[in-house]
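The values are calculated or read from the model by the stated rules, or taken from the named source; none is laboratory data. Since we're looking at a predicted model, the values are computed, not measured. Here the Cβ positions follow ideal geometry from the backbone for every residue, glycine too, while neighbour counts run over all protein chains shown. Areas reflect the complete protein model, heavy atoms only, side chains present, ligands, DNA and RNA absent. Shrake-Rupley method; radii C 1.70, N 1.55, O 1.52, S 1.80 Å.
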Amino acid sequence: MIKGILFDKDGTIIDFFKVWQPAVRPVLINLLSFLDLSPTMDNILPLEEAIGIKNDVLDPEGALAWKPYEQIAADLAVILEKERPNLEIGALQMLLERYFSEHFQTITDYPVFTDMSVLFEELRKRKIKIGIVTTDNSDATQDCLSSLAIEKYVSYCATADSGHPIKPSERLFRDVLREWQLTCEEVAVVGDTPNDMRFALNGGGVPIGVLSGVGTYKSLSHYTDTIIPSLAELLEFIDRKNEEI
């Protein structure tokens with residue numbers, strides 16, 4: 001029986017393609033300009049490819065799909081070191097966070113796939129615990145949850161800068177189990193990337209893939225047989241699964 005659900009944020013709760021992907025090129029242009037490098041397509045495209053975007057298609061295993069800012073910065077540094085050999089990863093990470101944050105501050109209405117307040121309220125009525133596990137930072141995550149008016153439902157939140165391990169860490173999953181006092185079979189992970197599914201499997205949980213983000217049916221089906229179009233179908237699945245017990 002599912003008694004707790006860990007939700008990914010981008011691509012699962014909110015529309016990755018409307019929030020993150022449009023920001024990538026402007027962020028890279030700002031980054032190149034800051035480094036006194038020409039923001040031409042010859043310079044931008046290798047950076048996009050380094051983080052998993054090629055021909056405007058996002059790789060579900062690419063850096064942007066699942067890595068935290070620090071690791072994205074490290075991937076970009078491999079390309080940038082040809083022109084900026086002494087570039088520090090930490091400094092690059094701070095620039096990325098700054099430029100993406102500036103973009104997110106322009107968002108007044110986060111695009112979602114279902115009414116999140118209704119979904120979380122229904123889960124609460126069923127006494128199902130709700131958590132958020134994301135590789136985004138805490139400020140952006142809290143802004144998103146607040147904007148959607150769902151922070152009151154969340155009893156566990158792990159971000160890249162909150163001191164928790166990073167997905168797909170088994171230790172992170174174990175932390176959740178201790179916090180919630182549940183067994184691994186009672187906790188589901190809902191996410192749009194293969195890495196979310198690996199996270200669930202590493203912890204012995206229930207992986208539920210959604211097709212609303214960067215993951216494809218093919219990439220998710222390597223890890224789970226449970227794949228739904230979006231969170232709009234989640235409640236029906238949870239009710240059906242719990243009725244089987």
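Every residue in the range 22-64 that is within 23 Å of Arg198 (Cα to Cα) and either in contact with a Phe, Trp or Tyr (Cβ under 6 Å, 6 or more places away or on another chain) or assigned to a helix (DSSP H, G or I) (or both), please.
Those that are within 23 Å of Arg198 (Cα to Cα) and either in contact with a Phe, Trp or Tyr (Cβ under 6 Å, 6 or more places away or on another chain) or assigned to a helix (DSSP H, G or I) (or both): Ala50, Ala63, Leu64.
Of all residues in the range 36-53, how many are aliphatic (A, V, I, L, M) and more than 19 Å from Gln71 (Cα to Cα)? Show your work before the answer.
Filtering the range 36-53 for residues aliphatic (A, V, I, L, M) gives 37, 41, 44-45, 47, 50-51, 53.
Now drop any that are not more than 19 Å from Gln71 (Cα to Cα), which leaves 37, 41.
The total comes to 2.
Does the range 107-119 hold any residues that are of a type in the set (S, T, N, Q) and closer than 17 Å to Gln142 by Cβ, and which are they?
Within the range 107-119, Thr108, Ser117 qualify.
Take Phe100 and decide whether it is of a type in the set (Phe, Trp, Tyr), assigned to a helix (DSSP H, G or I) and in contact (Cβ under 8 Å) with a residue 40 or more places away in the chain.
Against the criterion (of a type in the set (Phe, Trp, Tyr), assigned to a helix (DSSP H, G or I) and in contact (Cβ under 8 Å) with a residue 40 or more places away in the chain), Phe100 qualifies.
Results for (1) more than 19 Å from Arg124 (Cβ to Cβ); (2) open to solvent by 50 Å² or more (accessible area, probe 1.4 Å); (3) touching a residue at least 12 places away in the same chain (Cβ under 8 Å); (4) of a type in the set (S, T, N, Q), shown as yes or no for each residue.
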residue: Leu148; (1), (2), (3), (4): no, no, yes, no
residue: Arg174; (1), (2), (3), (4): yes, yes, yes, no
residue: Thr183; (1), (2), (3), (4): yes, yes, no, yes
residue: Val187; (1), (2), (3), (4): no, no, yes, no
residue: Ser230; (1), (2), (3), (4): yes, no, yes, yes
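Given the conditions (1) of a type in the set (D, E, K, R); (2) assigned to a loop (DSSP other than H, G, I, E, B); (3) open to solvent by 20 Å² or more (accessible area, probe 1.4 Å), which single one is not true for Lys167?
Condition (3) is where Lys167 drops out.
Pick from the range 103-123 the residues that are modelled with pLDDT of 95 or more, part of a loop (DSSP other than H, G, I, E, B) and open to solvent by 50 Å² or more (accessible area, probe 1.4 Å): which of them is nearest to Pro68 (Cα to Cα)? Spell out the reasoning first.
Restricting attention to the range 103-123, the residues satisfying the condition of being modelled with pLDDT of 95 or more are 110-123.
Then keep just the ones that are part of a loop (DSSP other than H, G, I, E, B); that gives 110-111, 113-115.
If we keep only those that are open to solvent by 50 Å² or more (accessible area, probe 1.4 Å) as well, we get 113, 115.
Numbers: Phe113: 24, Asp115: 27 Å.
Filtering the range 103-123 for residues that are modelled with pLDDT of 95 or more, part of a loop (DSSP other than H, G, I, E, B) and open to solvent by 50 Å² or more (accessible area, probe 1.4 Å), the one nearest to Pro68 (Cα to Cα) comes out as Phe113.
Given the conditions (1) open to solvent by less than 50 Å² (accessible area, probe 1.4 Å); (2) part of a helix (DSSP H, G or I), and given that Ile2 satisfies all but one, which numbered condition is not satisfied?
Unmet for Ile2, out of (1) open to solvent by less than 50 Å² (accessible area, probe 1.4 Å); (2) part of a helix (DSSP H, G or I): (2).
In the range 195-220, which residues are open to solvent by 50 Å² or more (accessible area, probe 1.4 Å) and more than 19 Å from Phe16 (Cβ to Cβ)?
Across the range 195-220, the qualifying residues are Leu201, Asn202.
Kindly indicate whether Lys152 is surrounded by fewer than 20 Cβ atoms within 10 Å (Cβ to Cβ), out of contact with any strand residue (DSSP E or B) (no Cβ under 7 Å at 6 or more places or on another chain) and not in a helix (DSSP H, G or I).
So Lys152 fails the test.
Any chance the range 172-181 includes a residue that's more than 29 Å from Met1 (Cα to Cα), touching an Asp or Glu at 6+ places or on another chain (Cβ under 9 Å) and of a type in the set (Phe, Trp, Tyr)?
There is no residue in the range 172-181 that is more than 29 Å from Met1 (Cα to Cα), touching an Asp or Glu at 6+ places or on another chain (Cβ under 9 Å) and of a type in the set (Phe, Trp, Tyr).
Sort through Asp139, Asp161, Asp239, Asp143 and tell me the only one that's open to solvent by 20 Å² or more (accessible area, probe 1.4 Å), out of contact with any Asp or Glu (no Cβ under 7 Å at 6 or more places or on another chain) and more than 26 Å from Ile72 (Cβ to Cβ). Spell out the reasoning first.
Working: Asp139 fails: more than 26 Å from Ile72 (Cβ to Cβ); Asp161 fails: more than 26 Å from Ile72 (Cβ to Cβ); Asp143 fails: more than 26 Å from Ile72 (Cβ to Cβ).
The match here is Asp239.
Checking the condition within 22 Å of the chain's Cα centre (by Cα) and either open to solvent by 50 Å² or more (accessible area, probe 1.4 Å) or free of Cβ contacts under 8 Å to residues at least 60 places away in the same chain (or both), which residue from Glu49, Glu83 passes?
Glu49
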